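Structure first, commentary second.
Please treat every number below as a calculation from the coordinates, not as lab data. On a predicted model such as this, the values are computed, not experimentally measured, just so you know. Note that we place each Cβ from the backbone using ideal geometry, even for glycine, and neighbour counts take in every protein chain shown.
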Amino acid sequence: MSDTDTARYSLADARERDDADPLAAYRDHFAVPDGERYMDGNSLGLAPDTAVATLERVTDEWKELAIRGWEAADPDWFHYGEHLGDLLAPLVGADGDEVVVANSTTVNIHTLIGTFLDTLPGTPAGPDPSADPPAVLVNDLDFPTDHYAIRAQFRQRGIDPDEQLVAVESRDGRTVDEADIEATLAERDDVGIVFMPSVLYRSGQLLDIDRITAAAHEHGALAGFDCAHSVGAVPHALGDAGADDEGADFAVWCSYKYLNGGPGATAGLYVHERHHDATPALAGWWGNDKTTQFEMRHTYDHAGTAGAWQIGTVPMLSSAPIEGATELIREAGIDRVREKSLALTDYLIALVDERLGDAFSVGTPREHARRGGHVAIEHPEGYRVSEALRDRGVIVDFRPPNVVRVCPAPMYTRFEDVFRVVETIREVVESDAHLEYDPRGGGVT
Ligand SMILES: *Cc1c(COP(=O)(O)O)cnc(C)c1O
């Protein structure tokens, strides 16, 4: 390394970057574990004091108001899923009526895939049940739960998932080429729904939602997205995606990753307004029109908004933290959050290139337009490296076969943390400390 490189990649330089960071003060809002470098905000975001405050407010309302909280709390609990939808709508680029906080991500995939299958020819409830069944286009690097849910929805409609769940193959085991999605759409005329992640959970590739929406619509298919790994880190324009800004059809996401809503926090969903008359596949009374819900009729009265895809009572204690957490991100500004996220991952990638040996490689695309909020660092002994790092207070996770995911979540991570994380990785492998760990265990990492 030259002298200038040494200066560029030093603790002093990292601290200079922190001094120049306009979002630096947000870190003080978060419960950063003492003495740790927390790099797992893409799996579970840290607790912001603003989220704890809204949770405490709801807990106090429960004590003071009890059943009256459904109406007398502020904001009232009855419309709380819709209220959070309004707060989140700017983060996903949609109207308030198109977004609601409800259920879990997996349940939302079930109900939305089921809903939209039922609008297609070739399904029992669809316009032409005798037509050939529709296909759902996914990819072979997807998060597993997405495929499980889609397969189950096919089975419930008497459709063979082995035939109709079609996975676009990755060329390199890391990324999915949008051109391959387009080619599959051109080859098969039976694709009814394209369901893709915004960001791949392992490599961190950011897919082009605009382009995929345009391609799906050009071939007469619906475009849905799993945005679990992007909402809160990457700005979205779901309502304007596609060739004519016609908008993506539907989307789901988690609230406990970059949104920092707490473990198992209630998920979010988006349904474009042109579909607000579709029948929810998993209907429940909480999706009923709120003005008639307590008439307790036995026929479902569609809410006429994305709120219709709620199922049961909003889980207040798993939803309340989302309010405070989202307000913090909105205040910081999602564009500035994204800018800092890219600066952090640029810096991390540069450090991996410069400071770690050839055994390491970066599996995340280097172009900003194709990169989400975390970096996949690949190493043949990735599992043991990740275990050694955890024992040294560097909280990362491992995804098979060889990926150490490092997420410098922009709301609370400093450039200094990134620098120190890479130095710790270097110390671990230079001293062979990772070889003291068992090759591969099980459990949650
Ligand atoms: C985290 C994640 C999920 C998790 O779904 P849950 O129902 O909250 O367990 C689903 N899909 C993707 C792509 C994820 O990253």
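Structural size metrics of the stretch 201-333, computed from C-alpha coordinates, are Rg and Dmax of 16.4, 49 Å. Angle between the Cα long axis of helix 316-332 and the longest principal axis of the chain, 0 to 90 degrees, nearest 10? The helix 316-332 is inclined about 60 degrees to the chain. Extending 7 Å from the Cα toward the beta-carbon at both Leu11 and Ala131 defines two label points whose distance is 6.5 nm. Only helical runs count toward this figure. For the chain, summing -39,500 (n - 2.57) over DSSP H runs of n ≥ 4 and dividing by all residues gives -11500 deg cm²/dmol at 222 nm.
Using just the Cα positions, wrap the stretch 45-90 in a convex hull and report its mean projected area in square nanometres, one decimal place. Write down the numbers at each step before the final one.
Working: hull surface 14.7 nm².
For the stretch 45-90, averaging the hull's shadow over all directions gives 3.7 nm².
Mind checking the full-extension length gain between Asp140 and Glu187? Use 0.36 nm per residue of separation minus the Cα-Cα distance, one decimal, nm.
Working: separation 47, 0.36 × 47 = 16.92 nm, distance 1.77 nm.
Gain on stretching Asp140 to Glu187: 15.1 nm.
Considering only Gly41, Gly242, Gly312, the Gaussian network model of the chain with Cα springs below 10 Å gives its largest mean-square fluctuation to Gly312.
Positive end of the dipole of the stretch 288-360 (Cβ unit charges, origin at the Cα centre): among Gly357, His298, Thr313, the Cα lying farthest that way belongs to His298.
Find how much the distance from Glu436 to Glu56 grows on full extension, using 0.36 nm per residue of separation minus their present alpha carbon separation; answer in nm with one decimal. Numbers along the way, then the final one.
Working: separation 380, 0.36 × 380 = 136.80 nm, distance 4.38 nm.
Roughly 132.4 nm would be gained on extension.
Distance between the 7 Å Cα→Cβ label points at Arg366 and Arg211: 1.8 nm. Can you give me the angle between helix 209-218 and the longest principal axis of the chain, using Cα atoms only, in degrees from 0 to 90, rounded to the nearest 10? The answer is roughly 40 degrees. Nearest 5 percent is fine: what portion of the DSSP beta bridges confined to the stretch 54-330 is antiparallel? Beta bridges within the stretch 54-330, antiparallel portion: roughly 40 percent.
Largest GNM mean-square fluctuation across Tyr412, Tyr80, Tyr26, computed for the chain with C-alpha springs under 10 Å, falls on Tyr26.
Per the Kirkwood definition applied to all pairs of different Cα atoms, how many angstroms is the hydrodynamic radius of the stretch 61-203?
Details: mean 1/r = 0.0569 Å⁻¹.
Kirkwood hydrodynamic radius for the stretch 61-203: 17.6 Å.
Candidates Val394, Ser230, Ala125 compared by Cα position along the dipole of the chain: farthest toward the positive end lies Val394, with charges placed on Cβ.
Summarising the overall dimensions of the stretch 54-330 from its C-alpha atoms, the Rg and Dmax are 18.6, 61 angstrom.
Averaged over residues, the count of other Cβ atoms within 10 Å places the peptides 61-72, 115-126 in the sequence 115-126, 61-72, highest first.
If you wrap the stretch 305-409's Cα atoms in a convex hull and average its projection over all directions, what's the area in nm²? Can you show the working numbers first?
Numbers: hull surface 39.8 nm².
Over all viewing directions, the stretch 305-409 projects a mean Cα-hull area of 9.9 nm².
The C-alpha atoms of the chain define a longest principal axis, and helix 80-92 lies at about 60 degrees to it. Note on Ala72/Ala24: beta-carbon distance plugged into 1/(1 + (r/R0)^6) with R0 of 45 Å gives a FRET efficiency of 0.70.
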